[in-house]
Amino acid sequence: MGYEHIEVRPLSGSIGAEIFGVDLLEENMGDAVFAEIHRAFLENLVIFFRDQNMDDDVLARFGRRFGTLAPLPPHRQVPGKYPELLIVETKPEDKMVFGWEWHSDTSHLETPTLGSILYAKVLPPIGGDTMFANQYLAYETLSEGMKALLDGMVSVHANGRILRTLAEGKTPPPGTEAASAGWANMSTEHPVVRTHPDTGRKALYVNEMHTERLKDMTVEESQPLLQFLYNHAVRPEFTCRFKWEVNSVAFWDNRCAMHLALNDYTGHHRLMHRVQVKGTKPFAA
Ligand code: SIN
């Protein structure tokens with residue numbers, strides 16, 4: 001089905017589309033325009049807008065068209081009127097960037113967010129792109145045998161790897177996943193293959209940033225299968241890469257896409273504002 005109110009230009013053969021003909025600053029976006037944006041979001045997994053000179057009110061208003069905004073934990077909130085506003089900032093002296101590994105946002109929570117809306121305010125002269133990977137395709141391209149093995153399987157997601165990375169200032173080396181697990185203070189369980197509540201399609205739902213192990217297995221026992229899935233999930237043909245401009249906006253679907261922020265602009269400043277839309281508990285059907 002085509003679009004009447006917006007122009008949708010895919011960014012790759014598998015994921016991502018730029019949307020044209022929309023002014024997100026317009027206070028009363030019509031329902032017909034919104035319905036097409038929502039359809040483009042479901043069809044493309046991540047959508048992008050250019051030249052939207054937004055403040056936090058507009059960012060929050062756009063997010064609320066898709067649901068309730070998810071507040072951040074108190075230690076991440078910034079003073080101001082939005083407890084849901086996440087500041088994603090890399091300073092010139094920083095060696096690490098936020099979102100440095102492939103992940104789906106907040107999968108270590110029992111109810112992860114539906115999606116995130118990221119807005120670019122300050123960018124490095126070059127670099128700082130974001131990559132996205134289609135997790136429907138990641139599932140659909142597995143063998144029937146592997147699908148049968150994974151369907152019904154559950155994994156444990158935790159924040160150990162993040163806390164360890166932040167404490168040590170670098171990504172834990174391969175082979176030390178068990179040690180990273182010891183850092184976790186939050187954890188939950190999710191199906192390895194989840195069903196998208198809106199599209200009904202199945203998507204692979206494990207990620208190297210948050211998935212600690214498979215349920216009822218040790219971290220070491222889980223690693224070979226998880227590592228295979230992490231590699232498979234981000235095959236180049238499942239991805240797109242978005243080149244930001246100041247005033248660009250991205251809205252991605254955490255239920256069927258993973259993303260990664262590229263750390264290739266050391267010595268430069270990058271500042272983004274983000275809000276998250278509340279999700280529902282992942283399920284397998
Ligand atoms: C993130 O939300 O994981 C960060 C993405 C980015 O800064 O490009």
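General observations
- Long pairs among 121/170; 147/281; 95/121; 121/243; 170/278, criterion Cα-Cα beyond 18 Å: 121/170; 147/281; 95/121; 170/278
- Förster radius 22 Å - calculated FRET efficiency between residue 262 and residue 77 (Cβ-Cβ, nearest 0.05): 0.25
- Cβ-based net charge around residue 171, under 15 Å, with every Lys or Arg adding one and every Asp or Glu removing one: -2
- Solution diffusion estimate, µm²/s, Stokes-Einstein, the range 64-193, Kirkwood Rh from C-alpha pairs, 10 °C, viscosity 1.306 mPa s: 90
- Reported to the nearest whole Å, the Cα centre-to-centre distance from the range 169-200 to the range 80-94 is 23.
- For residue 118, the shell of other residues with beta-carbons less than 14 Å away shows a net charge of -2, using +1 for Lys and Arg and -1 for Asp and Glu.
- 5 angstrom amide H check on residue 257, placed H, neighbours 5+ away: 135
- What you get for the chain, charging only the Cβ of Lys and Arg (+1) and of Asp and Glu (-1), is a dipole of about 380 debye around the Cα centre.
- The chain: Cα Rg divided by the 2.2 N^0.38 Å rule of thumb: 0.98
- Taking a ≥ b ≥ c as the square roots of the Cα gyration tensor eigenvalues, the range 196-240 comes out oblate, since a/c reaches at least 1.5 and a/b does not exceed b/c.
- Ranking of 81, 121 by count of other Cβ atoms within 10 Å, fewest first: 81, 121
- Selected from 23, 105, 129 as most flexible by GNM, with the chain as the system and alpha-carbon contacts under 10 Å: 23
- Rounded Å value of the spacing that divides the Cα centres of the range 238-285 and the range 50-79: 14
- Of the GluC sites (Glu not before Pro) found in the range 1-90, the ones in coil according to DSSP and having at most 11 other Cβ atoms within 10 Å of their Cβ are 4, 26, 27.
- Nearest-ten-degree value, helix 219-233 long axis tilted from longest Cα axis of the chain: 40
- Helix-only CD estimate at 222 nm, as mean residue ellipticity for the chain, using -39500 (n - 2.57) per DSSP H run (n ≥ 4): -6500 deg cm²/dmol
- Neighbour-limited loop hits for GluC sites (Glu not before Pro), the range 107-144 (at most 14 other Cβ within 10 Å; DSSP other than H, G, I, E, B): 110
- Seen from residue 156, the other residues with C-beta closer than 11 Å to its C-beta sum to a net charge of -1, counting Lys and Arg as +1 and Asp and Glu as -1.
Rule-based calculations on the coordinates, nothing more; no lab input. Computed from a prediction, not measured in an experiment: that's the story for all the values here. Glycine gets a Cβ as well: all are built from the backbone with ideal geometry, and neighbour counts include every protein chain shown.
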